[in-house]
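The block underneath contains the structure these notes are about, expressed in structure tokens.
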Amino acid sequence: MENNGEYGLYLISSGPSLVLVNMNGNGTAGVYYGDGSCNPTYFSCEISNSDFGFRYYTCNTSIDNSIINGTITFNNMKAMIAIPGGTINASRTWGYLEFGYAILGTIEIYNNSVPCLTIAPGNTLKFEKDVKLHVAHPTSGNSWGMGRLVAEGTAEEPILFTALNDSAGGWNGLQFNDASDRDGIVSTLKNCSIEKAAENNIYCYSTTQPTFDSCVIAYSSGTGINLNYASPSINRTQIIENASYGIYINNNSTPVIGNAPDKSCDLFNNGTYDIYNNSGNNINARYNFWNTLDSLVVVSRIYDKYDNAGKGEVYFSPFSYQGFNPLDTLNRLSGNLMYANDDSTSMPGTTLYIINEKNIVKDSTTTDGVGDYLFDGLSNSFCEFTIPDYYGGVNSTDALLILQHFAHVITLDGVRLMAADVNGSNTVNSTDALFVMKRFVHLIDEFPVGDWIIIPDIYPLLLYNDTIETDLYGLCYGDVDASFIAADKRDGNTIELVHGTEMAIDSWQKYRVFVTVKNSVTAGAVSLEFIYPDNAMDIHSVKLLPAGQEMISYSGSGTTRVAWADLTPVTLNKNDVMLELLIETKDISSIEGDISIELGNGSEMAGPSANILQDVVLNIPLLTVNHNEEDALQASANKLITSVYPNPFRNETTIGYRVPEEGNVNITIQKIDSDKKFVILNQRVAAGEYQTNFNAAGFPSGIYICTVSISNGLKVWFDNKKVIIRK
């Protein structure tokens with residue numbers, strides 16, 4: 001049946017079975033259905049057309065999926081199955097056709113048997129001007145007007161409803177009428193694009209149908225979805241780029257639009273309003289993506305009771321920064337990753353993560369040898385970035401800059417101002433400076449805001465079906481002077497620590513060790529890292545003597561890090577004492593040689609203007625172990641607490657103690673499971689043996705530690721004993 005001027009096969013009221021039939025090269029159509037009763041079947045048939053120009057293979061409205069085990073091929077790219085319009089009163093499936101269907105007249109799906117039109121994935125349905133598809137009879141209130149539409153595509157094979165002339169306003173859209181939900185009838189639009197209709201892409205009247213899932217409703221010359229007494233569920237759907245309204249809600253409609261994190265919809269770029277609530281009902285539309293980070297912009301895109309007191313409210317908060325993944329396109333994002341220092345140093349070989357507003361990783365990539373990055377296949381969303389397991393540069397110099405900004409001595413701006421707000425309070429003040437110093441000494445391992453702030457050239461960066469190139473500028477939170485990565489990054493310390501004196505020490509004692517300056521120094525910030533053998537000693541505290549302040553410090557595993565910053569600098573002349581270290585020795589009787597305290601690479605001092613001080617030389621004694629056995633035995637034998645009697649006790653006990661040399665005596669008691677200490681005695685006492693009474697009235701039963709410490713110049717003695725209160 002080939003090469004006929006008009007039709008290869010013309011059917012009227014016929015249903016032949018065609019096997020291995022070729023209908024190629026016919027002028028108008030391979031097969032023409034002359035009326036609605038035609039129902040042929042095809043087995044391994046070929047239908048093709050070699051003519052140029054627009055050609056249809058015309059079938060009636062009730063065409064079914066009768067092409068089985070066969071092939072329909074079209075040599076002409078404009079060829080498609082043409083549907084003249086009419087009524088579908090029995091269930092039909094329109095199978096996948098490569099070039100889709102041309103709908104030349106309005107189609108109505110209705111009957112008392114609830115006919116269902118099923119559209120196979122991957123199909124394209126193009127509608128002639130003024131043509132629409134009705135689901136259920138448009139004027140019927142009776143049961144015989146019922147109908148269904150099931151159009152369930154996939155992400156890979158979506159279904160497209162569009163205009164035959166490919167112009168906005170080129171057809172009249174889908175319409176779901178009042179019998180489309182009778183007796184629990186369900187229609188579904190899933191992975192579908194409905195676009196370019198005239199007044200409405202979709203109009204729903206007096207129904208709860210259809211259920212929307214993963215659809216795109218776009219480019220209408222009027223409204224995306226028009227609801228009149230209609231309350232469908234709209235999930236994971238883009239309603240965008242419609243000329244008038246995204247969703248128009250009229251009369252007693254109560255749709256649910258997204259309203260859950262896993263059902264988020266996109267609503268933006270619609271002409272007048274994204275949602276126009278012309279009903280008196282409150283509408284649930286939370287967790288949707290509005291292509292903005294500004295709630296005031298969202299408010300301006302919604303018409304509700306705040307525009308007209310007689311209307312209901314549209315609940316949109318909280319809203320999402322993560323958009324719905326479109327059906328046919330994903331975003332591509334590329335550029336160069338640089339540290340936000342004065343040299344904009346590129347960051348090659350760095351793993352870069354895209355995260356959402358809940359800090360959940362969406363994608364990752366690694367920069368190449370020159371710091372270029374590429375993300376491909378991204379969903380629509382607001383983009384934030386972070387870098388895992390890669391952090392540094394924070395110390396007291398940054399804390400000083402933060403204090404100076406708060407005091408209006410300097411002004412931080414741009415990404416450095418953002419990086420200074422380490423607690424996320426939207427203000428920069430001394431609390432941020434304290435956080436920074438705690439981070440340096442390792443009292444905390446992270447800031448409330450995280451580790452990195454990364455700002456693109458395009459900010460805020462909102463992806464929407466696009467290819468975007470933008471450079472990224474990163475800064476570690478708190479690294480206000482951007483010292484972590486720099487083209488002229490300093491190697492090693494700018495501070496030298498020498499051991500110009502010696503100091504003899506014994507086991508199990510406390511000592512004050514003084515650090516002096518070898519040259520004059522004026523400092524506004526001090527960041528030091530002391531390293532020592534932790535089997536020999538611990539550092540309990542460090543005081544900056546000129547300021548009279550105990551520095552922020554933390555010790556662990558043979559390292560003590562200390563931090564200080566102040567708007568009032570300290571000035572030290574040559575050989576002045578700068579620091580007092582309170583150390584406690586362990587059993588050092590078996591240690592051969594000296595014990596040396598050194599500086600780590602994280603050490604730095606800054607001047608009053610946060611300028612890094614160069615060539616600072618500090619002097620600390622070299623600790624030498626006292627191996628005089630008689631002295632060591634005497635030290636271990638001479639306990640300070642000579643007695644506690646009675647012990648255990650109910651109300652009162654007597655504490656006996658020895659003072660080896662005149663000094664300040666401090667006696668405290670502390671419950672073993674508490675941090676709170678109670679001072680029993682604190683006064684200067686001459687050498688000798690003494691007793692003091694402790695009244696336990698008001699103290700609950702339990703185990704306590706009694707501690708006696710005596711200090712005299714560089715010497716510190718201490719002892720403790722367990723006591724028990726029983727009541």
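Values for this structure:
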{"item": "Options 566, 594; residue that is charged (D, E, K, R) and surrounded by 16 or more Cβ atoms within 10 Å (Cβ to Cβ)", "result": "566"}
{"item": "Selected residue (only one of 180, 220, 193, 167 is out of contact with any strand residue (DSSP E or B) (no Cβ under 7 Å at 6 or more places or on another chain) and either in the same structural domain as residue 280 (by TED's automatic domain parsing) or crowded, with 21+ Cβ neighbours inside 10 Å (or both))", "result": "167"}
{"item": "Total residues in the stretch 507-530, condition within 39 Å of the chain's Cα centre (by Cα) and either more than 24 Å from residue 481 (Cβ to Cβ) or of a type in the set (D, E, K, R) (or both)", "result": "1"}
{"item": "Condition met for residue 226 (free of Cβ contacts under 8 Å to residues at least 40 places away in the same chain and part of a loop (DSSP other than H, G, I, E, B))", "result": "no"}
{"item": "Matching option when the condition is among the hydroxyl-bearing types (Ser, Thr, Tyr) and in contact with a helix residue (DSSP H, G or I) (Cβ under 7 Å, 6 or more places away or on another chain), among 96, 101, 110", "result": "110"}
{"item": "Qualifying residue in the stretch 348-358 (condition: of a type in the set (Gly, Ala, Ser) and surrounded by 19 or more Cβ atoms within 10 Å (Cβ to Cβ))", "result": "no"}
{"item": "Test for residue 671: is it touching a Cys at 6+ places or on another chain (Cβ under 8 Å) and either under 30 Å from residue 503 (Cα atoms) or not assigned by TED's automatic domain parsing to the domain that holds residue 513 (or both)", "result": "no"}
{"item": "Residue identified as farther than 23 Å from residue 557 by Cα and in contact with a helix residue (DSSP H, G or I) (Cβ under 7 Å, 6 or more places away or on another chain) among 444, 453, 458", "result": "453"}
{"item": "Residue list for the stretch 240-259, restricted to those being of a type in the set (A, V, I, L, M) and at pLDDT 95 or above", "result": "243, 247, 249, 256, 257"}
{"item": "Filter result for the condition that a residue is in contact with a Gly (Cβ under 8 Å, 6 or more places away or on another chain), farther than 19 Å from residue 598 by Cβ and not β-branched (Val, Ile, Thr), over 506, 566", "result": "566"}
{"item": "The one condition in (1) surrounded by fewer than 23 Cβ atoms within 10 Å (Cβ to Cβ); (2) hydrophobic (A, V, I, L, M, F, W, C); (3) modelled with pLDDT under 95 that residue 150 fails to fulfil", "result": "(3)"}
{"item": "Residue 463 modelled with pLDDT under 95 and not assigned by TED's automatic domain parsing to the domain that holds residue 565", "result": "yes"}
{"item": "Verdict on residue 287 being assigned by TED's automatic domain parsing to the domain that holds residue 155 and either in contact with a Cys (Cβ under 9 Å, 6 or more places away or on another chain) or β-branched (Val, Ile, Thr) (or both)", "result": "yes"}
{"item": "The stretch 88-103, residues that are in contact with a strand residue (DSSP E or B) (Cβ under 6 Å, 6 or more places away or on another chain), assigned to a loop (DSSP other than H, G, I, E, B) and of a type in the set (A, V, I, L, M)", "result": "97"}
{"item": "From 326, 318, residue being modelled with pLDDT under 95, more than 13 Å from the chain's Cα centre (by Cα) and surrounded by 15 or more Cβ atoms within 10 Å (Cβ to Cβ)", "result": "326"}
{"item": "Candidates 482, 433, 486, 419 - the one that is under 16 Å from residue 345 (Cα atoms), surrounded by 14 or more Cβ atoms within 10 Å (Cβ to Cβ) and modelled with pLDDT of 90 or more", "result": "482"}
{"item": "All positions within the stretch 287-328 that are in contact with a Ser or Thr (Cβ under 7 Å, 6 or more places away or on another chain) and among the hydroxyl-bearing types (Ser, Thr, Tyr)", "result": "287, 295, 317, 320, 321"}
{"item": "Meets criteria (under 24 Å from residue 173 (Cα atoms) and in contact (Cβ under 8 Å) with a residue 12 or more places away in the chain) for residue 216", "result": "yes"}
{"item": "Filter result for the condition that a residue is at pLDDT below 90 and of a type in the set (A, V, I, L, M), over 672, 612", "result": "672"}
{"item": "Positions within the stretch 497-530 being surrounded by 18 or more Cβ atoms within 10 Å (Cβ to Cβ) and β-branched (Val, Ile, Thr), in sequence order", "result": "505, 513, 515, 516, 517, 521, 526"}
{"item": "Residue 524 being in the same structural domain as residue 607 (by TED's automatic domain parsing), modelled with pLDDT under 95 and not in a helix (DSSP H, G or I)", "result": "no"}
{"item": "Residues of the stretch 581-591 satisfying the condition of being surrounded by 17 or more Cβ atoms within 10 Å (Cβ to Cβ), more than 16 Å from residue 531 (Cβ to Cβ) and touching a Lys or Arg at 6+ places or on another chain (Cβ under 9 Å)", "result": "582, 585"}
{"item": "Filter result (in a strand (DSSP E or B) and closer than 17 Å to residue 92 by Cβ) within the stretch 128-163", "result": "133, 134, 135, 148, 149, 150, 151, 152, 159, 161"}
{"item": "Selection status of residue 546, assigned by TED's automatic domain parsing to the domain that holds residue 590, in a loop (DSSP other than H, G, I, E, B) and either at pLDDT below 95 or of a type outside the set (Gly, Ala, Ser) (or both)", "result": "no"}
{"item": "Qualifying positions in the stretch 596-614 - β-branched (Val, Ile, Thr) and under 18 Å from residue 559 (Cα atoms)", "result": "597"}
{"item": "Residue under evaluation residue 574, criteria (1) of a type outside the set (S, T, N, Q); (2) in a strand (DSSP E or B); (3) in contact with a Lys or Arg (Cβ under 8 Å, 6 or more places away or on another chain), criterion not met", "result": "(2)"}
{"item": "Candidates 124, 73, filtered to the one that is more than 19 Å from residue 187 (Cβ to Cβ), polar (S, T, N, Q), within 50 Å of the chain's Cα centre (by Cα) and at pLDDT 90 or above", "result": "124"}
{"item": "Matching residues in the stretch 527-580 - criterion: being acidic (Asp, Glu) and over 23 Å from residue 406 (Cβ atoms)", "result": "529, 534, 538, 576, 580"}
{"item": "Residue list for the stretch 118-127, filter: surrounded by fewer than 22 Cβ atoms within 10 Å (Cβ to Cβ) and not in a loop (DSSP other than H, G, I, E, B)", "result": "118, 124"}
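The values are calculated or read from the model by the stated rules, or taken from the named source; none is laboratory data. Given the structure is predicted, the values throughout are model-derived calculations rather than measurements. Neighbour counts are summed over all protein chains in view; Cβ atoms, including those assigned to glycine, are modelled from backbone coordinates with ideal geometry.
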